[in-house]
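A.B. asks: Got a structure here, written out as structure tokens. Questions coming.
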Amino acid sequence: MITNQALNNQSKSGNGQEPTNIQRRTLIGGALAALLASPVRLMAEENDRRPNNLFILLLKGLYQPVPVGDGPADNLGLSAVNLSDGSYSRTLIYPVFGIPESRDQDSVIGKFYAQFTGNLCAYDLPGGAIAMKFNDPPAGVPPELGFNNFSSLSFPDGQGGSYLEGTFELVILEATGIYRAFQGGHNHMVDRLHQLDAAGTKFDEFCFCNISEYQFP
């Protein structure tokens with residue numbers, strides 16, 4: 001802090017104008033340097049956190065329904081989905097490969113939202129969010145193969161439930177934050193979903209998601 005006494009002392013040496021101007025120029029120059037450096041620093045930090053152009057996530061855990069109005073307050077900044085419309089359930093996301101959080105694969109890093117009666121989903125991740133759409137199963141593919149769908153061949157768990165297996169191809173509709181470059185890209189899912197009851201109301205997820213910037217052929 002500059003006191004009145006210090007200003008008085010400056011005014012007694014010469015006319016006092018030059019030291020004051022130097023001080024002002026120093027303060028202004030420092031402020032401008034800080035303003036100019038901030039965007040550069042933010043860009044560098046973003047580049048350090050940006051995922052590889054193929055990163056892998058694991059969806060793991062029990063699905064919980066998201067009641068109407070109980071989605072994220074800002075809808076994760078996404079417009080391609082409405083996570084508060086009551087059609088979504090959510091489970092947890094773990095890092096596997098290609099993102100800084102992969103150093104600790106046992107830590108939860110986000111939430112995955114999916115429609116069981118629709119074809120949309122969303123990823124809530126560190127540094128941004130991604131909205132996707134499941135591709136339709138191709139015509140003529142035998143249902144037992146489980147391509148863009150769960151295989152018609154399920155495996156009983158011996159406790160009244162069953163395991164559902166399949167692969168899914170998804171298109172990335174929207175991506176925000178450090179994932180912006182992935183908009184228009186692709187997600188290849190390899191899923192083993194545990195249906196815990198015969199009625200099909202409780203599910204325990206175990207699904208690897210291979211997310212990349214390139215489009216599926």
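Coordinate-derived values only; no laboratory data. Remember, predicted model here, so these are calculated numbers, not experimental data. Positions of Cβ are generated from backbone atoms using ideal geometry, with glycine treated the same way; all protein chains shown enter the neighbour counts.
A.B. asks: Mind computing the radius of gyration and Dmax over the alpha-carbon atoms of segment 101-186? Å is fine for both.
C.D. replies: 15.8, 44
A.B. asks: Right, something else. Project the alpha carbons of segment 55-212 onto their principal axes and report the range along each, largest first, in whole Å.
C.D. replies: Principal axes ranked by extent give 42, 32, 32 Å for the Cα atoms.
A.B. asks: Further question on the same structure: Quote to one decimal, in nm, the extra length available between Phe147 and Leu62 on full extension: 0.36 nm per residue of separation minus the C-alpha distance between them.
C.D. replies: On the way: separation 85, 0.36 × 85 = 30.60 nm, distance 2.34 nm.
Using 0.36 nm per residue and subtracting the Cα-Cα distance, I get 28.3 nm.
A.B. asks: Here is a follow-up. Run down the aspartates and glutamates and flag those whose C-alpha is under 12 Å from the C-alpha of Lys133, throwing out any fewer than 8 positions away in its chain.
C.D. replies: Once the sequence-local aspartates and glutamates are set aside, what remains near Lys133 is Glu169, Glu174.
A.B. asks: Net charge around Leu83, counting only other residues with Cβ within less than 14 Å of its Cβ (Lys, Arg = +1; Asp, Glu = -1)? Mind showing how you got there, number by number?
C.D. replies: Working: positive: Arg90, Lys111; negative: Asp70, Asp74, Asp85, Asp124, Glu174.
Taking every other residue near Leu83 into account, the sum is -3.
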